[in-house]
Amino acid sequence: MNGQASVAWTARPGAVMAAVLSQAHVVGMVLALPFAVALAEQAWPLVRALGLPLLAVVIAALCATRVTPPRDLRGIEAAAVLVMLFVGVAALAVPAYMMLGLPLVDAIFESVSAITSTGLTVASGTMDWPLTGHALRGWMQWAGGFAIAVAGVALILGPVSARSTASTLGRTGIDDQDILSSTRVQARRLLVVYGALTGIAVLGFMPLFPTWWEAVAIALTAVSTGGFTPRPDSLESYSRMAQVATMIVCVATTVSLMAYIVFWRDGMKKALTGTNARLVLGGIALATVLAFVLALASGASFNDAVDATINMVSGVTTAGFSVGDPGAIVPVMAAILAAMVVGGGSGSTAGGVKAERVATLGRMVGVALLRMKAPPGAVMPLKENSRRVDAAKLVALGAVLCLYAASMLIVWALLCLGGIDPMSALFDTVSALSTVGLSLGATGPDLAWPLKLVLAAAMLLGRLEFVTLIAVLSPGTWAPFHR
């Protein structure tokens, strides 16, 4: 291991800062829309709270014109830039959340939950917020769902190094066998898909929700599988049609956004078989049927079974919307917990460990069982799509699963030590790590402030895929010498 470490690259602070400056316009876009809404509303405290950080970002963007970002950005440096973008946006938005009446720690929690497109909340009285508050939360979730996590990474990496690092991050979908063109062009096409889905959601929601602004706010958070809603009861007080429509939009972005590009070019069959769409949609269908059957078998009424099914769809898509208490029917709650761990597909806005990784684990079990029955000397490699699975992929899989499990145990233990009921603590821990947003009641305004920070850290860990954040925070990454 020491020999391997001796040839590892370290991050160059100058290169990282130049790359961060080159993405200042991305950060500015996240702050600009809620700032414009604040101006339109004449909400002057929020204008100041958003305007000063936005001014700093504009100055940084102007400085970036004098700095040439490195063309040889290393993988660890790209990861550092991604982390700094997420943390930086969350920090810049904290003053605005404080102007909405949240204490400092609550504002940090809410901002992290927004940019990680999680949806766990410690805010109360949100229906009394000005429109700017809902625009801020919804737009940050929209940005966290795609603009930074996908387009931002692609723009930073460029067409050469994106293939290796983006696949390690496991969420951009850039490393595709049928790559359409350069990473930058592909990122723009993915952004067009994301924007089109958002527009369709907004138009579809308009007649279903009581007000236009609720339709827009929930469309932004549904497309990003974020889960914030203006009302404190999430989707419960909306019509059944509105609830179902919201879940359909969440499902639409739980598959890789690449599937829509492939569908447009090559048709439905290729989109299903050439991307993760078939795997993810099949998993969602199975989870939906399971939840409905478990609810009816537990004695629930038809209406309660539908509620439980909607909560299951919200859990497996990691959207975080809820209809009633997710823990009301214990067998369904246990199934939702497992579904949240799995999550959606790579290249989507969903969280979790990803459906592809779980499928690979299933194939590993199958090969292990088959090898027990095989004659000596038989060669039975692990294959995926008729190709031998690369060792690097298995190493990355093991690392993510190991870190997910370790993080879950640590966060769960800390919540239990803080006096939270073990089941509620476990459910909310998984919800934070998988960036879901569902809660059994552990997360709220009354949660002790150290535990709020613990859950905020868990949300960042989950959104940044564990290995990324830990590698960037490792002291060895920032060694005083360079290779």
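The values are calculated or read from the model by the stated rules, or taken from the named source; none is laboratory data. Note that the structure is a prediction, hence the values are computed from the model and not measured. So basically every Cβ, Gly included, is an ideal-geometry build from the backbone, and we count neighbours across all protein chains shown. Heavy atoms of the whole protein, side chains included, go into the accessibility calculation; ligands, DNA and RNA do not. Shrake-Rupley method; radii C 1.70, N 1.55, O 1.52, S 1.80 Å.
Observations
- Peptides 223-230, 414-421, ordered by how many other C-beta atoms sit within 10 Å of their residues on average, highest first, read 223-230, 414-421.
- Selected from LEU220, PHE205, MET268, residue furthest toward positive end of dipole (the range 179-280; charges at beta carbon): MET268
- Dividing the summed -39500 (n - 2.57) terms of all DSSP H runs of n ≥ 4 by the residue count of the chain sets its mean residue ellipticity at 222 nm at -21000 deg cm²/dmol.
- Taking amide H positions as modeled 1.01 Å from N, with prolines and chain starts lacking one, the residues under 5 Å from GLU384 and 5 or more places away or on another chain are VAL389.
- Projecting the Cα atoms of LEU394, ALA425, ALA339 onto the charge dipole of the chain (Cβ charges, centred on the Cα centre) puts LEU394 farthest toward the positive pole.
- Lys, Arg +1 and Asp, Glu -1 on Cβ, resulting dipole of the range 190-270 about Cα centre, debye, nearest 20: 320 debye
- Cross-link partners for LYS269 among the lysines, with Cα-Cα distance under 25 Å and sequence neighbours closer than 8 places in the same chain left out: LYS354, LYS383.
- Averaging 1/r across all pairs of distinct Cα atoms in the range 357-483 and inverting the result yields a Kirkwood radius of 17.3 Å.
- Cα-based Rg / Dmax (Å) for the range 207-294: 15.1, 43
- Stokes-Einstein diffusion for the range 245-314 at 10 °C, viscosity 1.306 mPa s, with a Kirkwood radius from C-alpha pairs, works out to 121 µm²/s.
- According to the calculation over all Cα-Cα pairs in the range 259-368, the P(r) per 5 Å bin from zero is 2, 13, 20, 19, 16, 13, 9, 5, 1, 0 %.
- For the chain: accessible area per residue (Å², 1.4 Å): 42 Å²
- Rounded to the nearest 20, the Cβ-based charge dipole of the chain about its Cα centre (Lys and Arg +1, Asp and Glu -1) stands at 1860 debye.
- For the range 449-463, 3J(HN,Hα) per residue [Karplus equation, 6.51 cos²θ - 1.76 cosθ + 1.60, θ = phi - 60°, Hz, x = Gly/Pro]: 4, x, 6, 4, 5, 4, 5, 4, 4, 5, 5, 5, 4, x, 5
- Expected-Rg normalisation [2.2 N^0.38 Å, Cα atoms] applied to the range 1-84: 1.47
- Its residues counted as N, the chain yields a C-alpha radius of gyration over 2.2 N^0.38 Å of 0.95.
- In this Cβ point-charge picture (+1 for Lys and Arg, -1 for Asp and Glu), the range 10-119 has a dipole of about 380 debye about its Cα centre.
- Accessible surface of the range 432-483 [probe 1.4 Å, protein heavy atoms]: carbon and sulfur percent: 71 percent
- Lys/Arg +1, Asp/Glu -1 at C-beta; the chain dipole; positive extreme among LEU136, LEU235, GLY88: GLY88
- Across the accessible surface of the range 219-355, with the other protein chains kept in place and a 1.4 Å probe, carbon and sulfur atoms take up 71 percent.
- ³J(HN,Hα) computed for each position of the range 434-441 - Karplus, 6.51 cos²θ - 1.76 cosθ + 1.60, integer Hz, glycine/proline x: 9, 6, 9, x, 5, 8, 9, x
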